[in-house]
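Worksheet for the structure shown next.
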Amino acid sequence: MFSPWILSLQLILFPLFWRGIYTTETNPELVLTDPVTTVFKSAVLKGDSLVEKVEILKPVDLELACTWTGNPNKLPNITGYWRKDGSEITNSRLTVQLENEQYNLKRVFRITGDTLGNYSCIFSDTDEAKIYFNVAAPEMDDKKDKPIVAYVGDSVTMACKTKLPPNAWLWYKANGTEQELINATTDPLRYKISVDGNTTKLTVMNLTEEDSGVYVCSAIYNIKASVSRVEVRVITFMEPLKPFIAIVAEVIILVLLILLYERWSSQKSSHSPTDNGVHAEPTHKLTREGNNGMDENTTTRQRKI
Amino acid sequence: MAKLQAPQSHQSQPAAPDGGWGWVVVGALFVTSALVFGIIRSMGVFFVEFVQYFEESAQAVSWITSIGLAMQQCVSPFGTALCNGYGARPVVMAGGCLSALGFILASQATCVTHLYLTLGVISGSGWALIFTPMVASVMQYFTRKRSLAMALGFTGVGLSSFAFSPLFQLLVEMYTWRGALLILGGLSLNMVACGALIRPLGTHKAVAALAPGESAWSCASIFHRAYSYLELSLLFHRPFLTYSLAITFFNCGYFVPYVHLVAHSRHEGFSQYQAAFVISATGVTDIVGRVVSGWASDLGRLRLPHMLVLWTGLLGLSLLLLPLGSLGGSYPGLLIISLAYGFCAGAMTPLVFAVVPEIVGMERMLGALGLLQMIESVGGLLGAPLSGLLKDLTGSYTASFLVAGGFLLLGTMVTTTLPHFFSCTDQRPLQRHARNHNNKQQNQQSPESGLMTNSISEKLNHIDTIPYSQPQLDRNSLQPEPELYMPLNRSRTDDATTKC
């Protein structure tokens with residue numbers, strides 16, 4: 001029954017069938033999985049190196065395309081390969097042809113939470129020309145390097161902002177190496193969390209000294225959570241009160257000194273040769289200078305006479 | 001001994017020492033103007049914190065300094081009236097306590113209205129009680145070197161605005177705005193010590209005001225005392241009204257560059273650092289211009305009103321040329337004209353005060369200063385919003401600079417209509433008129449009593465506002481700070497012959 005025709009047809013069809021499954025030459029894994037979106041990112045290098053940032057929200061296939069135009073030698077063939085986090089990816093070396101005065105290198109990567117990192121394509125000539133792709137979850141916008149100061153009994157608000165809204169926001173309080181989740185519903189009198197698209201605010205009310213520490217806001221994306229830390233320092237009102245009292249004391253001392261100096265110098269000048277009753281004033285608490293004034297007085301009056 | 005005036009209270013006003021203890025009072029004016037206007041200018045640091053903490057708009061927060069400056073100017077007549085009644089020293093010390101109280105209470109604020117009331121009303125009133133009496137005291141201590149003394153006293157404003165911004169930033173970082181306001185209250189308390197430095201130079205009006213047989217608290221005597229303390233007779237004095245009109249025009253135009261120079265620079269395409277540098281350089285030439293003008297006026301080559309007209313004319317001219325200077329993106333052009341603007345603006349300041357005793361006489365100087373502050377605040381209130389409106393209408397700052405220059409030239413022309421402007425020597429008839437006027441109005445007063453009521457019109461209050469805290473300042477916060485002009489009256493003729 002199995003005529004040779006059918007057999008040969010099957011033999012011919014089988015490789016075709018086989019070929020139909022493997023439609024790409026580079027990444028065989030692509031075909032075997034669920035449909036995943038592909039993100040394209042390309043960069044053109046003119047000099048020696050370039051750094052690009054790629055923000056990923058969920059597991060995707062990322063196609064990175066590198067173009068190098070700046071080769072002075074213009075060799076027809078050079079070697080190009082890929083690195084991840086500094087170490088070369090196996091089996092990634094290819095020969096790149098010179099087309100239209102530029103070299104092109106392309107590769108697709110499956111990006112998941114574990115495979116985030118720094119990918120770089122390298123064109124290897126006498127020197128190496130590199131483009132770095134920093135593939136990561138979106139970072140927070142503002143970096144807070146100074147601690148936020150607040151008073152006992154007052155309230156403090158911390159905000160975190162990203163460019164792309166995450167699935168969820170979470171706040172933690174860091175206790176040493178541990179992180180404790182802050183739940184606003186169980187403690188509504190102390191914590192208030194508000195979420196507004198790509199911003200979130202945590203308000204801590206009725207502050208006590210134990211509320212000092214590091215607070216961590218975490219933006220949950222499909223791929224990974226992105227965190228940002230902010231330090232809160234709670235002080236009592238005694239802290240600014242100390243310099244204040246020092247200044248008040250200084251002012252009081254100054255005023256007293258000024259008024260006393262004025263009284264002293266006016267008493268000194270009132271012993272100058274104009275009054276008749278000078279001799280009859282023994283009881284001033286003046287220093288020697290006052291006495292000198294009296295002496296001058298006497299001499300002057302004598303001279304006048 | 002030479003430092004103290006012999007208290008000849010029954011005689012005419014004692015001759016000003018022109019040195020000695022006067023320089024200590026100049027130092028007190030330096031510290032006072034630094035603490036009053038330097039703080040106002042550097043409040044921008046706090047505005048950012050207020051906006052964040054109270055979640056209010058920048059507009060609402062900038063009302064704080066507007067209210068404070070408005071109080072400082074409008075309560076000025078009452079400050080000088082109290083000076084007339086009780087002497088400068090207690091008034092300044094009370095003002096210091098009041099302004100410190102405002103800051104201390106503000107540190108406990110829980111809403112922006114509290115800040116309006118404490119920082120605005122209370123501290124503003126304190127500043128009113130401090131500034132004008134302080135200036136008047138310096139003017140009494142000096143006759144020949146008055147302008148120089150005033151100019152040196154006012155350099156405190158410029159220098160403090162350089163120093164205070166970083167200091168406030170540091171305080172806010174360490175103690176948040178509450179603690180920083182508390183410490184500022186303590187700093188303001190130093191003005192009490194400055195007030196203590198003012199040694200009285202003769203008695204004030206209270207001694208002379210009472211007629212025999214009239215009780216101190218009857219309605220008529222209270223009314224008479226209020227009338228004389230507030231120098232309301234000046235409102236019928238044509239030269240004073242002319243001058244206050246001129247000063248109001250000056251005020252309309254004076255502050256516009258401070259408000260708009262940065263924005264204009266950015267508009268013309270310069271970077272933020274270049275624009276900030278222009279403002280800083282303008283501030284430096286402002287200080288230099290003040291001192292140079294004070295020193296030059298004291299040389300006596302030209303009459304004071306003539307020098308005033310010279311500087312205000314140049315200032316108006318530089319404002320008109322300001323849009324031209326930055327034409328074509330030329331940074332040196334903008335810088336040069338801004339430096340000229342700064343110099344003329346600073347040079348004008350001492351003269352505005354100095355001319356006043358020439359117009360109203362040393363007797364009414366104090367009350368005139370207060371009234372002038374109040375009248376000129378109108379100029380400041382109108383000038384900045386008008387220029388903002390022009391900018392919104394025309395899209396560039398050229399129109400507002402031209403209008404500001406126009407106001408200044410208008411004020412210059414009004415100044416030339418002062419009586420005896422075109423004579424080459426100082427005239428005295430004004431004082432005699434004033435004295436006769438006083439005689440008619442207030443029978444109890446004798447001109448020979450050592451009256452401290454000198455009407456010194458503080459013309460330009462707004463001299464030093466704003467340039468150093470631009471980002472948070474909008475037109476509301478641009479209320480001018482009362483710059484005391486140094487009354488450059490050739491007081492040789494002035495005080496010595498007043499009572500003779």
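The values are calculated or read from the model by the stated rules, or taken from the named source; none is laboratory data. Quick caveat: nothing in here was measured; it's all calculated off a predicted structure. Every residue, glycine among them, receives a Cβ derived from its backbone with ideal geometry; neighbour counts consider all protein chains shown. Keep in mind that these areas ignore ligands, DNA and RNA; they rest on the heavy atoms of the full protein, side chains included. Shrake-Rupley method; radii C 1.70, N 1.55, O 1.52, S 1.80 Å.
Quick notes on this one:
- Check on A:Y191, open to solvent by 20 Å² or more (accessible area, probe 1.4 Å) and touching a Leu at 6+ places or on another chain (Cβ under 9 Å): yes
- Any hit, segment B:197-205, residues being in contact with a Gly (Cβ under 9 Å, 6 or more places away or on another chain), surrounded by 23 or more Cβ atoms within 10 Å (Cβ to Cβ) and of a type in the set (D, E, K, R): yes
- For beta carbons closer than 8 Å, sequence separation of 6+ or different chains, a first residue in segment B:353-364 that is under 17 Å from B:D298 (Cβ atoms) and at pLDDT below 85 and a second that is surrounded by 24 or more Cβ atoms within 10 Å (Cβ to Cβ) and basic (K, R), the qualifying pairs are B:A354/B:R146.
- Of the residues contained in segment A:161-181, one or more are found to be open to solvent by less than 10 Å² (accessible area, probe 1.4 Å) and touching an Asp or Glu at 6+ places or on another chain (Cβ under 9 Å).
- Subset of segment A:249-272 (residues that are surrounded by fewer than 18 Cβ atoms within 10 Å (Cβ to Cβ) and closer than 24 Å to B:T176 by Cβ): A:A249, A:E250
- Beta carbons closer than 9 Å, at least 6 apart along the sequence or on distinct chains, pair a first residue in segment A:117-133 that is within 10 Å of A:L45 (Cβ to Cβ) and in the same structural domain as A:G80 (by TED's automatic domain parsing) with a second that is open to solvent by 30 Å² or more (accessible area, probe 1.4 Å) and among the aromatic types (F, W, Y) for A:C121/A:Y132.
- In this entry, B:M134 is excluded by the filter for residues that are surrounded by 24 or more Cβ atoms within 10 Å (Cβ to Cβ), at pLDDT below 90 and either outside any helix (DSSP H, G or I) or away from every other protein chain (no Cβ under 14 Å) (or both).
- Residues of segment B:386-416 classified as out of contact with any Pro (no Cβ under 9 Å at 6 or more places or on another chain), open to solvent by 40 Å² or more (accessible area, probe 1.4 Å) and of a type outside the set (F, W, Y), total: 10
- For segment B:221-236, the count of residues that are crowded, with 19+ Cβ neighbours inside 10 Å, touching a strand residue (DSSP E or B) at 6+ places or on another chain (Cβ under 6 Å) and outside any helix (DSSP H, G or I) is nonzero.
- Residues that are touching a helix residue (DSSP H, G or I) at 6+ places or on another chain (Cβ under 9 Å) and open to solvent by less than 10 Å² (accessible area, probe 1.4 Å) within segment A:122-150 comprise just one, A:A150.
- Pairs, first within 9 Å of chain B (Cβ to nearest Cβ) in segment A:251-271, second among the basic types (K, R) and open to solvent by 70 Å² or more (accessible area, probe 1.4 Å), C-beta under 8 Å, six or more apart: A:S265/B:K3
- Once segment B:140-178 is narrowed to residues that are free of Cβ contacts under 8 Å to residues at least 24 places away in the same chain and not hydrophobic (A, V, I, L, M, F, W, C), the residue that is surrounded by the fewest Cβ atoms within 10 Å (Cβ to Cβ) is B:P166.
- The residue that is surrounded by the fewest Cβ atoms within 10 Å (Cβ to Cβ), among those in segment A:151-160 that are within 14 Å of chain B (Cβ to nearest Cβ) and assigned to a strand (DSSP E or B), is A:T157.
- Among the residues of segment B:152-174, the ones that are within 11 Å of chain A (Cβ to nearest Cβ) and touching a Phe, Trp or Tyr at 6+ places or on another chain (Cβ under 9 Å) come to 2 in all.
- Among the residues of segment B:186-201, those identified as in contact with a Phe, Trp or Tyr (Cβ under 8 Å, 6 or more places away or on another chain) and within 7 Å of another protein chain (Cβ to nearest Cβ) are B:G186, B:R199.
- Condition met for B:S99 (within 14 Å of chain A (Cβ to nearest Cβ) and among the hydroxyl-bearing types (S, T, Y)): yes
- So A:V230, is it open to solvent by less than 40 Å² (accessible area, probe 1.4 Å) and of a type outside the set (F, W, Y): yes
- Filtering A:E231, A:E239 for residues that are within 11 Å of chain B (Cβ to nearest Cβ) and of a type in the set (D, E) leaves a single hit, A:E239.
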